[in-house]
Amino acid sequence: MALLRRVATVGGYTMISRVLGFAREILTASALGAGATSDAFFVALRLPNLFRTLFAEGAFSAAFVPLFSGMIAKDGHDPAMRFAQDTFSALLVALTGFLILGEIFTPAILHVVAPGFDADPEHFRLTVELTRITFPYLAFISLASFQGGLLNAVDRFAATAATSILLNLFLIAALLHHPVSGQSLSWAVTFAGIAQCLWLSWSCRRAGLRLSWPRPHVSPELRRLMRIMLPGVFGAGATQLNLMVSTAIASLAPVGSVSYLAYADRLNQLPLGVVGIAVATAILPTLSRHIRKGEDSAALHTQNRGLELALLLTLPAAVALMLESHAILHVLFQRGKFGAHQVAEVAPTLSAYAFGLPAFVLIKVVVTDFLARQDTLTPVKIAASAMALNIVLTVSLGLYSGLAHVGIALATSIAGWANALGLMALSARRGQFSLDTRSRRSLPRILLAAIGMGAALIFVQGALQPMLNAAHLPMRLIALSSLVGSGVAVFGLLCLILGVARPRELKRMLVRR
């Protein structure tokens with residue numbers, strides 16, 4: 001029940017953010033389409049997001065939250081807050097230096113990140129300009145992510161989960177203010193980072209986690225944090241690094257390929273963010289405390305319930321996105337500069353990404369066991385192997401097979417599955433994780449229910465096709481809503497029939513104690 005409440009809190013706010021992000025992408029597609037300007041903006045947004053994931057939400061939080069949670073459980077509030085204060089000061093100094101270097105060497109970075117843009121000097125100049133505008137977002141969102149880690153460590157999930165809503169609100173405001181340009185969207189990103197940092201600073205003060213700005217002090221705990229974090233810089237950000245490799249190779253493909261991948265990835269991120277990140281965020285502090293206290297059975301129970309809940313929500317989403325990508329894009333995106341050609345290009349890309357969606361969610365959930373044990377090196381080794389596979393597949397499928405951006409997305413998904421299965425196999429071999437009786441019974445039935453739902457969706461789509469192709473948008477929206485609703489209903493019914501969820505358990509979850 002506690003896990004469900006935490007996942008519901010994080011997932012609920014993340015759902016609001018992702019829905020707003022979905023609206024943001026619809027507006028972006030209509031205003032910019034898929035061309036040179038949209039390619040430049042997506043690369044400019046990808047770069048600070050990469051470093052944010054590597055140094056803040058990824059490696060830094062993965063190392064800091066277990067240490068901080070463990071110190072609170074063992075040593076109490078005051079020593080843990082001194083450690084947090086030292087960490088905050090060191091992070092502030094590091095981010096200032098990194099920001100200055102990033103602004104100076106933006107062109108050199110983009111020669112690596114988007115080598116295909118070199119062929120068009122104007123396109124490259126625009127990308128450099130937009131990247132320099134968005135780069136300060138890295139510093140502000142990293143400080144916000146640190147403060148969010150503090151709140152999560154003391155089981156305060158709501159404020160952190162709500163933070164990403166601000167970015168979408170700022171971008172939507174910029175998109176509704178005409179004329180829309182890459183510059184206006186980039187400034188909206190940076191201003192959103194400032195707002196997110198201020199919001200979480202206020203939330204920390206309300207939670208009694210007050211931080212000041214003293215001179216950095218390198219304590220033994222901070223040195224330990226750095227030792228744990230440094231290998232995790234690569235491991236925790238494996239997914240973003242794979243996406244960056246995909247972006248670099250897509251820049252060598254025809255103009256618009258970067259945008260096709262970005263639109264598809266954003267849609268795929270909706271269930272990934274709501275489910276994978278929510279479950280991983282919710283179980284990490286609890287898992288860290290169980291492991292610190294030697295409560296192995298409780299830790300195993302937490303892992304199994306997290307995995308079970310993640311796949312219960314992810315598998316049907318993956319099947320639906322694979323089968324209905326064209327219908328979703330046609331109804332919601334096809335307008336303005338985003339026409340039928342763009343829909344035809346993005347739809348198979350989304351299906352390829354959706355194939356790997358369960359794998360990316362599994363990575364988020366399974367890697368928490370290693371992070372809770374303060375083992376960031378093992379995920380690095382597995383992620384390095386998966387990344388090497390991704391590079392080989394991206395080059396072969398993206399550049400030489402004729403699949404272009406679809407092949408790049410497929411390569412990312414295959415590498416994701418290799419990463420997820422490698423983590424699970426190694427964790428099981430070490431005796432740190434195994435499926436309990438309930439999970440061994442439930443997981444195959446969840447998969448069967450998702451497959452059954454997919455068959456039902458194919459049938460329902462055939463019946464609704466005239467409405468999906470109607471000239472009037474309200475009619476298309478009704479048809480798409482009916483399609484989604486029927487899928488949810490069929491999946492829920494199959495779960496009840498197959499015994500994945502029992503009515504009595506559902507009633508207990510819904511009744512407030």
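The values are calculated or read from the model by the stated rules, or taken from the named source; none is laboratory data. Nothing here was measured: the structure is a model prediction, and the numbers come from that model. No Cβ is skipped: glycine too gets one built from the backbone with ideal geometry, and neighbour counts run over all protein chains shown. Only protein heavy atoms, including side chains, enter the accessible area calculation; ligands, DNA and RNA are left aside. Shrake-Rupley method; radii C 1.70, N 1.55, O 1.52, S 1.80 Å.
Restricting to the stretch 433-492, name every residue that is of a type in the set (Lys, Arg) and over 22 Å from Leu362 (Cα atoms). Give the derivation first.
Kept after step one, since they are of a type in the set (Lys, Arg), are these residues of the stretch 433-492: 438, 440-441, 445, 476.
Arg476 - this is the single residue of the stretch 433-492 that is of a type in the set (Lys, Arg) and over 22 Å from Leu362 (Cα atoms).
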Considering (1) under 22 Å from the mean Cα position of the chain (by Cα); (2) buried (at least 22 other Cβ atoms within 10 Å of the Cβ); (3) modelled with pLDDT of 90 or more; (4) not hydroxyl-bearing (Ser, Thr, Tyr), say which one Ala327 fails and leave the rest. (1)
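Which of the helices (runs of 4 or more DSSP H) found entirely inside the stretch 319-423 contain at least 1 residues meeting this: more than 30 Å from Ala299 (Cα to Cα)?
Working: elements: 340-355, 357-372, 377-393.
Filter on the stretch 319-423 gives 340-355, 377-393.
Is it true that Leu321 is closer than 23 Å to Ala23 by Cβ, in contact with a Pro (Cβ under 8 Å, 6 or more places away or on another chain), open to solvent by less than 30 Å² (accessible area, probe 1.4 Å) and of a type outside the set (Lys, Arg)? Can you show your working first?
On the way: closer than 23 Å to Ala23 by Cβ: yes; in contact with a Pro (Cβ under 8 Å, 6 or more places away or on another chain): yes; open to solvent by less than 30 Å² (accessible area, probe 1.4 Å): yes; of a type outside the set (Lys, Arg): yes.
Judged against the criteria, Leu321 is a match.
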Please name all residue pairs, on different chains or six or more residues apart, with Cβ atoms under 6 Å, provided the first residue is in the stretch 291-309 and is farther than 20 Å from Leu67 by Cβ and the second residue is open to solvent by 30 Å² or more (accessible area, probe 1.4 Å) and modelled with pLDDT of 80 or more. Asn304/Asp436
Condition met for Leu110 (open to solvent by less than 30 Å² (accessible area, probe 1.4 Å), farther than 18 Å from Ser259 by Cα, out of contact with any His (no Cβ under 6 Å at 6 or more places or on another chain) and in a helix (DSSP H, G or I)): no
Mind checking which pairs have a first residue in the stretch 77-106 that is closer than 14 Å to Ser212 by Cα and part of a helix (DSSP H, G or I) and a second that is small (Gly, Ala, Ser) and open to solvent by less than 50 Å² (accessible area, probe 1.4 Å), Cβ under 8 Å, 6 or more apart or different chains? Arg82/Ser219; Phe83/Ser219; Asp86/Ser219; Leu91/Ser142
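If you check Val392, Val367, Val406, which single one turns out to be at pLDDT 85 or above, in contact with a Pro (Cβ under 8 Å, 6 or more places away or on another chain) and open to solvent by 10 Å² or more (accessible area, probe 1.4 Å)? Don't jump to the end; show me each part of the working.
Details: Val392 fails: in contact with a Pro (Cβ under 8 Å, 6 or more places away or on another chain); Val367 fails: at pLDDT 85 or above.
Answer to the check: Val406.
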Look through the stretch 173-221, keep the residues that are within 27 Å of the chain's Cα centre (by Cα) and outside any helix (DSSP H, G or I), and return whichever of them is surrounded by the most Cβ atoms within 10 Å (Cβ to Cβ). Leu209
Give all pairs with beta carbons closer than 7 Å in which a residue from the stretch 486-500 that is at pLDDT 90 or above and assigned to a helix (DSSP H, G or I) meets a residue that is buried (at least 20 other Cβ atoms within 10 Å of the Cβ) and of a type in the set (Asp, Glu); count only pairs at least 6 apart in sequence or on separate chains. none
Select from the stretch 429-448 the residues that are closer than 15 Å to Thr302 by Cα and hydrophobic (A, V, I, L, M, F, W, C) and write down the one among them that is surrounded by the most Cβ atoms within 10 Å (Cβ to Cβ). Phe433
Taking the condition open to solvent by 80 Å² or more (accessible area, probe 1.4 Å) and modelled with pLDDT under 90, does Arg508 pass? yes
Is one or more of the residues making up the stretch 151-166 more than 18 Å from the chain's Cα centre (by Cα), closer than 21 Å to Ser89 by Cβ and not in a helix (DSSP H, G or I)? yes
Just need a number here: residues in the stretch 64-88 that are in contact with a Lys or Arg (Cβ under 7 Å, 6 or more places away or on another chain) and farther than 18 Å from Arg227 by Cα. 2
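Tell me which residues, restricted to the stretch 463-485, are exposed (fewer than 14 other Cβ atoms within 10 Å of the Cβ), hydrophobic (A, V, I, L, M, F, W, C) and at pLDDT below 90. So that I can check it myself, show each step before the final result.
Initially, the stretch 463-485 is screened for residues exposed (fewer than 14 other Cβ atoms within 10 Å of the Cβ), giving 463, 465-466, 469, 471-474, 481, 485.
Filter again for hydrophobic (A, V, I, L, M, F, W, C), leaving 463, 471, 473.
Scanning the stretch 463-485 gives Ala471, Leu473.
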Are there any pairs, at least 6 apart or on different chains, whose C-beta atoms fall under 8 Å, with the first in the stretch 465-483 and under 16 Å from Phe333 (Cβ atoms) and the second of a type in the set (S, T, N, Q) and at pLDDT below 90, and if so, which? Arg476/Asn469
Any idea how many residues of the stretch 261-297 are open to solvent by 30 Å² or more (accessible area, probe 1.4 Å), at pLDDT 70 or above, among the aliphatic types (A, V, I, L, M) and within 26 Å of Val154 (Cβ to Cβ)? 1
